[in-house]
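A.B. asks: Below is the structure I would like to discuss, written out as structure tokens.
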Amino acid sequence: MAIKLGELLLKEKLITPEQLDEALKSQVIFGVKLGSSLVELGYITDEQLCTFLSQKLGVPFAGPRALSSVPADVLALVPAEMAEKYRVVPIKIDGKKLALAMSDPTDFKAIDEVSFVTGCVIHTYIVPDVRITSALSRLYHIRGDIRYVRIEAEVASKRRISSKDVEIQQPEMIEIPMMSESGELLNVQIPLEFEGFAHLPEYKESGYSDSNSIDCYSVDQLSLDFASAKNRDQVADVFVKYLGQEFTVCALFIIRNNTAVGWRGISSGSKIEDLDKLSLLLSKPSVLRDVFESQQFEIGTLIHTPENAQLLKALSISSQTPILVVPVVMHRKIVAAVVVSADMDALGKRLQELQKLVYKASLAFEMLIIKSKIMAT
């Protein structure tokens, strides 16, 4: 949103600084909007969030019933492509007045374009982003992002955790110098525990050499691209671009809510289609579960389990092909996993290099988290 949601919520004391820090971390790593991250973590309900924003922005709040059933002639006014692009859903029409549900009523470009296409005067209604995702899926048959689908499923069982309910110990803070986009020097305060936020188990910085890197996309260039990445998907794209030239098969998985979800992948230089549809439960035996529980890498051929079979099928590799799985650990939690395949000797020789790359990716995530905090407050 154009508004600084985090700052507004802090001023109204609807969330604490510690809760905002955790939500920003989740927003960057898992790719959900800040409001949805706060809802998922249980710090505020979606109704409370939208009621608050409704009051601040002067925009009415549309409840769940408004999106439960929309007439076909109203849906037809806004093409599916436009609804998906701007994340909007028409809910009713009165003459030339079209009521439009949206998670960001300050997106004036979306409002102007919908008005132009429909020929209607747009009356905006604010709706939680997770409900917009659900409505787009149900009404327009647009496949929703699995992260938002899971959030919506969990919201019903979440109870709000407020500063009145839980006593939060104030963490020791440190200051990190950062430069804003305008060139202003900022001293950003973050909890001391965020220092060294990105790490790898048993990884030592000094033991790495770039001598085996190939010229077409070097580790130095990868480092520069990591440093300039503006969002989590750019971090993933940079990582996969490099790994795709180094290994026959490579894939990234997001680890969240006891599930490993496909994110990005390349096989023989081509994108692995529909990898994001692969979802493996970490409660069932698999190499990803072993990595999740041990927080250590795994290397070798896979034992036969239904989850491992799904993984091999998605990556189009045989059960006899060795793979290497390395966890991405941040703040003592695994947030992602890197999977590559090659012959056993090659995997062993490249293990330390891959660990270094994972470390760099973790640092890139940390930079995004700090930047998000600057923008949110």
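The values are calculated or read from the model by the stated rules, or taken from the named source; none is laboratory data. For clarity, every value in this text was computed on a predicted model and none was experimentally measured. A quick note on method: Cβ atoms are made from the backbone with ideal geometry, for glycine too, and the neighbour counts reach across all protein chains shown.
A.B. asks: Got a sec? Which helices (runs of 4 or more DSSP H) wholly within the stretch 275-377 have at least 3 residues that are under 15 Å from residue 254 (Cβ atoms)?
C.D. replies: 287-294, 344-376
A.B. asks: Restricting attention to the stretch 215-240, and to residues there that are closer than 16 Å to residue 353 by Cβ and under 22 Å from the mean Cα position of the chain (by Cα), which single residue is surrounded by the fewest Cβ atoms within 10 Å (Cβ to Cβ)?
C.D. replies: Per the criteria, the residue is 223.
A.B. asks: Residue under question is residue 59, and the condition is that it be of a type outside the set (Gly, Ala, Ser) and modelled with pLDDT of 85 or more; does it hold?
C.D. replies: yes
So that you can scan it fast, the table gives a plain yes or no per residue for (1) surrounded by fewer than 17 Cβ atoms within 10 Å (Cβ to Cβ); (2) outside the structural domain of residue 271 (by TED's automatic domain parsing); (3) at pLDDT 90 or above:
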{"site": "286", "(1), (2), (3)": "no, no, yes"}
{"site": "295", "(1), (2), (3)": "yes, no, no"}
{"site": "306", "(1), (2), (3)": "yes, no, yes"}
{"site": "311", "(1), (2), (3)": "no, no, yes"}
{"site": "314", "(1), (2), (3)": "no, no, yes"}
{"site": "323", "(1), (2), (3)": "no, no, yes"}
{"site": "339", "(1), (2), (3)": "no, no, yes"}
{"site": "352", "(1), (2), (3)": "yes, no, no"}
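A.B. asks: Might you let me know whether the stretch 44-57 holds any residue that is within 30 Å of residue 234 (Cα to Cα) and under 18 Å from the mean Cα position of the chain (by Cα)?
C.D. replies: Among the residues of the stretch 44-57, not one is within 30 Å of residue 234 (Cα to Cα) and under 18 Å from the mean Cα position of the chain (by Cα), which makes the answer no.
A.B. asks: A further question follows. Going through the stretch 96-118 one residue at a time, which ones are surrounded by fewer than 22 Cβ atoms within 10 Å (Cβ to Cβ), more than 24 Å from residue 27 (Cβ to Cβ) and in contact with a strand residue (DSSP E or B) (Cβ under 9 Å, 6 or more places away or on another chain)?
C.D. replies: Residues satisfying the conditions are 96, 97, 99, 111, 112, 115, 118.
A.B. asks: Does the stretch 296-320 hold any residues that are without any contact (Cβ under 8 Å) to a residue 24 or more places away in the chain and of a type in the set (Val, Ile, Thr), and which are they?
C.D. replies: 301, 303, 305
A.B. asks: Looking at the stretch 65-86, is at least one residue more than 28 Å from the chain's Cα centre (by Cα) and under 20 Å from residue 5 (Cβ atoms)?
C.D. replies: no
A.B. asks: Out of everything in the stretch 241-268 that is touching a Ser or Thr at 6+ places or on another chain (Cβ under 9 Å) and not in a strand (DSSP E or B), what residue ends up being nearest to residue 359 (Cα to Cα)?
C.D. replies: 242
A.B. asks: In contact with a helix residue (DSSP H, G or I) (Cβ under 8 Å, 6 or more places away or on another chain), among the aromatic types (Phe, Trp, Tyr) and in contact (Cβ under 8 Å) with a residue 24 or more places away in the chain - does that describe any residue in the stretch 279-295?
C.D. replies: No - not one qualifying residue is present in the stretch 279-295.
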